[in-house]
Amino acid sequence: MPHGRRGITITVAIALVLLGRAASIASAEPIQFRVWLDGAAAKEPIAGRLYVFVSQRMRGEPRFGPDWFQPEPFFGLDVATFQPGTSCQIDDRADGFPDKLSRLRPGRYRVQAVLHHDFYSPNPGRGEGNVFGDAVWLDLNPSAGGTIDLVLRHVVPPQPFPPSTWVKEVAVPSELLSEFHGREVIERAAVVLPPSYDHEPGRRYPAVYVVPGFSGSYRGGQWMPLTGPREAEPGEVELIRVMLDGQCHWGHHVYANSETNGPRGDALVRELIPYIDQNYRTVAAPTARFVTGHSSGGWSSLWLQVSYPEVFGGVWSSSPDPVDFRDFQGIDVYANPPQSMYHDEQGNRRPIARRGSQPILWYDSFARMDDCLGRGGQLRSFEAVFSPRGPDGLPRKLWDRTTGRIDPEVARAWRKHDICALLAENWDTLGPQLEGKLHVVVGGLDTFYLEGAVHGLAQTLQQLRSDAQIEFLPGRDHGTVLTPDQWRKRRRQMGEVFLRHHGEDASVGENTAAPRDLILSR
């Protein structure tokens, strides 16, 4: 009996310890980040989006995330008036990827806070004027709770455009965009001059406008080596290259007029192009003005050619974002009953990216990452261009974020930016203006499933008896479609168009065209 009593005593003691430990856990303060805005980094209240990025990688700073293909956890919260010297909390009320903060896997992380408010950049870690903290190693365990203090004390500095003999930065205040946004808006570009530009001051050149892809900018023009631009090969003509900048705080504005981003296409053709023609020795005629781009830039360039057929003399688009919304990366946006962006009819998860034939990213998880960014991600960028604004002033969401079900009303609104539908419905007018101007190439195994929409576009144009040149390169993906032969082909085709309309001597002499008058008379 004495032995039994001792056993009961030990059991009760253990139970009390366990109950005490459970009570301690239950009463623990939930985990949260308390982010302070250093008064030395900001003098006025800031409205923007506050992030905390966490990473287990040794290289790079967490603020430059997320990586689409290897994303790590992060958390985001909109702040209306972040006062210097005060703090804001990131806890389970914030958006989280892949889940809420309380569900973060315990471990040792590099942690970094960022306050994103730059008007021009979609990237929290790189936007000029954004405020960020140091990346610090911390042991994080949500079940232990607690408050972690972080301080925003550094400001992303301006990025000067390095001077060059061959590459010139252009910065043009836009009256159209400034009026729309209620603040000054600057349109930027890089002008890459041909080799003979300085040696032949009486000569004029055709121009090609290059639209970068998603996350790209006009700063791509800085790659030009100190020895100067490349010489034209046999069968080519020298060109002035204008590197455009599709970046905006929503992602990529794709040079389409929209309710959220404003009159981006009109600002290009009515303000920036006339400025280029007036300040550089272009042949200011549509038959000497071309447009090209890859990925989001591929969609942009095709949209510009179709929307402003009297401004551009030809488009060379590669791997464009969806150009037929009946196949939006494998999804029919107009289907009735509405489809789910997350699952197909058999309930299988929809992929959004692949490597070869193997899916590697899925729509549902990619959308969660995109929504945690809040603005600046690829999917919200689509909505910022294609969707009308809702009562809250934000672009309406195409699909329900829980079920993935498409909203038919929003889908109908998207149709006005559906390039394939636009061509089919307006071919009597557009057909003659686009003769000989459309060139599209895509890989047969595009990484983001973009070849399906190009097939739809090709079928529609074939039915319309268009002379468009559309190529599908078997086995090529998003990053390998533009082979050296493809680059040479497009340069030669641009040269052929220019010479056919202007002849060998057309690039010499006065620039007598009046492109601004032509464009404003639309």
Residue check, GLU175 touching a Ser or Thr at 6+ places or on another chain (Cβ under 8 Å) and surrounded by fewer than 16 Cβ atoms within 10 Å (Cβ to Cβ):
no
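Anything in region 207-217 that is in contact (Cβ under 8 Å) with a residue 40 or more places away in the chain and under 17 Å from TRP250 (Cα atoms)? List them, or say none.
Initial filter on region 207-217 (in contact (Cβ under 8 Å) with a residue 40 or more places away in the chain): 207-216.
Correct list: VAL211, PRO212, GLY213, PHE214, SER215, GLY216.
Restricting attention to region 378-393, and to residues there that are in contact with a Lys or Arg (Cβ under 9 Å, 6 or more places away or on another chain) and part of a loop (DSSP other than H, G, I, E, B), which single residue is surrounded by the fewest Cβ atoms within 10 Å (Cβ to Cβ)? Spell out how you get there, then give the answer.
Just the residues of region 378-393 that are in contact with a Lys or Arg (Cβ under 9 Å, 6 or more places away or on another chain), to begin with: 380-381, 383-390.
Subsequent filtering for residues that are part of a loop (DSSP other than H, G, I, E, B) retains 387-388, 390.
Numbers: SER387: 23, PRO388: 15, GLY390: 12.
It comes out as GLY390.
Regarding ALA113, is this residue farther than 18 Å from ASP245 by Cβ and crowded, with 18+ Cβ neighbours inside 10 Å?
On the way: farther than 18 Å from ASP245 by Cβ: yes; crowded, with 18+ Cβ neighbours inside 10 Å: yes.
It is true that ALA113 is farther than 18 Å from ASP245 by Cβ and crowded, with 18+ Cβ neighbours inside 10 Å.
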Which residues, counting only those in region 74-111, are in contact with a helix residue (DSSP H, G or I) (Cβ under 6 Å, 6 or more places away or on another chain) and hydroxyl-bearing (Ser, Thr, Tyr)?
SER102
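Taking PRO338, is it within 23 Å of LEU434 (Cβ to Cβ) and either crowded, with 24+ Cβ neighbours inside 10 Å or in contact (Cβ under 8 Å) with a residue 60 or more places away in the chain (or both)?
Details: within 23 Å of LEU434 (Cβ to Cβ): no; either crowded, with 24+ Cβ neighbours inside 10 Å or in contact (Cβ under 8 Å) with a residue 60 or more places away in the chain (or both): yes.
Criteria not met by PRO338.
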When you look at TYR109, is it in a loop (DSSP other than H, G, I, E, B) and either at pLDDT 95 or above or at positive phi (or both), yes or no?
no
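Among the listed residues CYS420, CYS372, which satisfies the condition of being at pLDDT 95 or above, within 18 Å of the chain's Cα centre (by Cα) and buried (at least 19 other Cβ atoms within 10 Å of the Cβ)? Show your work before the answer.
Values: CYS420 fails: within 18 Å of the chain's Cα centre (by Cα).
Among CYS420, CYS372, only CYS372 is at pLDDT 95 or above, within 18 Å of the chain's Cα centre (by Cα) and buried (at least 19 other Cβ atoms within 10 Å of the Cβ).
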Test each condition in (1) surrounded by fewer than 19 Cβ atoms within 10 Å (Cβ to Cβ); (2) assigned to a loop (DSSP other than H, G, I, E, B); (3) in contact with a Gly (Cβ under 9 Å, 6 or more places away or on another chain) for PHE214 and report the one that comes out false.
(1)
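Take LEU244 and tell me if it is closer than 22 Å to ILE186 by Cα, of a type outside the set (D, E, K, R), touching a strand residue (DSSP E or B) at 6+ places or on another chain (Cβ under 9 Å) and crowded, with 21+ Cβ neighbours inside 10 Å.
On the way: closer than 22 Å to ILE186 by Cα: yes; of a type outside the set (D, E, K, R): yes; touching a strand residue (DSSP E or B) at 6+ places or on another chain (Cβ under 9 Å): yes; crowded, with 21+ Cβ neighbours inside 10 Å: yes.
Against the criterion (closer than 22 Å to ILE186 by Cα, of a type outside the set (D, E, K, R), touching a strand residue (DSSP E or B) at 6+ places or on another chain (Cβ under 9 Å) and crowded, with 21+ Cβ neighbours inside 10 Å), LEU244 qualifies.
In region 147-172, what residues are part of a loop (DSSP other than H, G, I, E, B) and closer than 13 Å to GLU128 by Cβ? Before the answer, list the steps.
Step one: filter region 147-172 for residues part of a loop (DSSP other than H, G, I, E, B), giving 153, 156-166.
Hits for region 147-172 are VAL156, PRO157, PRO158, GLN159, PRO160, PHE161.
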Kindly provide the set of residues from region 41-91 that are out of contact with any strand residue (DSSP E or B) (no Cβ under 8 Å at 6 or more places or on another chain) and surrounded by 13 or more Cβ atoms within 10 Å (Cβ to Cβ), ordered by number.
GLY60, PHE64
Looking at region 437-450, which of its residues are more than 17 Å from SER301 (Cα to Cα), under 20 Å from the mean Cα position of the chain (by Cα) and not β-branched (Val, Ile, Thr)?
ASP446, PHE448, TYR449
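Just to be sure before I move on: is THR292 touching a Ser or Thr at 6+ places or on another chain (Cβ under 8 Å) and under 16 Å from LEU239 (Cα atoms) in the structure I sent?
Answer is yes for this residue.
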The residue that is nearest to PRO320 (Cα to Cα), considering only those in region 395-435 that are outside any strand (DSSP E or B) and among the aromatic types (Phe, Trp, Tyr), is TRP414
I'd like the full set of residues that are in contact with a Gly (Cβ under 8 Å, 6 or more places away or on another chain) and either small (Gly, Ala, Ser) or in a helix (DSSP H, G or I) (or both), limited to region 303-326.
TRP303, LEU304, GLN305, SER307, GLY314, SER317, SER318, SER319, ARG326
Per the filter on region 127-146, residues surrounded by 15 or more Cβ atoms within 10 Å (Cβ to Cβ), within 30 Å of the chain's Cα centre (by Cα) and part of a strand (DSSP E or B) are VAL131, PHE132
Subset of region 416-436 (residues that are touching an Asp or Glu at 6+ places or on another chain (Cβ under 9 Å) and not hydrophobic (A, V, I, L, M, F, W, C))
ASP418, GLN433, GLU435, GLY436
Does LEU450 satisfy the condition of being touching a helix residue (DSSP H, G or I) at 6+ places or on another chain (Cβ under 7 Å) and at negative phi?
no
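This table checks each residue for (1) in contact with a Lys or Arg (Cβ under 8 Å, 6 or more places away or on another chain); (2) surrounded by fewer than 24 Cβ atoms within 10 Å (Cβ to Cβ); (3) of a type in the set (A, V, I, L, M, F, W, C); (4) in contact (Cβ under 8 Å) with a residue 24 or more places away in the chain.
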residue: GLY293; (1), (2), (3), (4): no, no, no, yes
residue: SER300; (1), (2), (3), (4): no, no, no, yes
residue: GLU310; (1), (2), (3), (4): yes, yes, no, yes
residue: SER319; (1), (2), (3), (4): no, no, no, yes
residue: GLY330; (1), (2), (3), (4): yes, yes, no, yes
residue: TYR334; (1), (2), (3), (4): yes, yes, no, yes
residue: ARG349; (1), (2), (3), (4): no, yes, no, no
Looking at region 486-513, which of the residues that are part of a loop (DSSP other than H, G, I, E, B) and exposed (fewer than 14 other Cβ atoms within 10 Å of the Cβ) is modelled with the highest pLDDT?
GLY503
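The values are calculated or read from the model by the stated rules, or taken from the named source; none is laboratory data. Only a predicted model underlies this, so the values are computations on that prediction, with no experimental measurement involved. Glycine also receives a Cβ, built like all others from the backbone with ideal geometry; neighbour counts cover every protein chain displayed.
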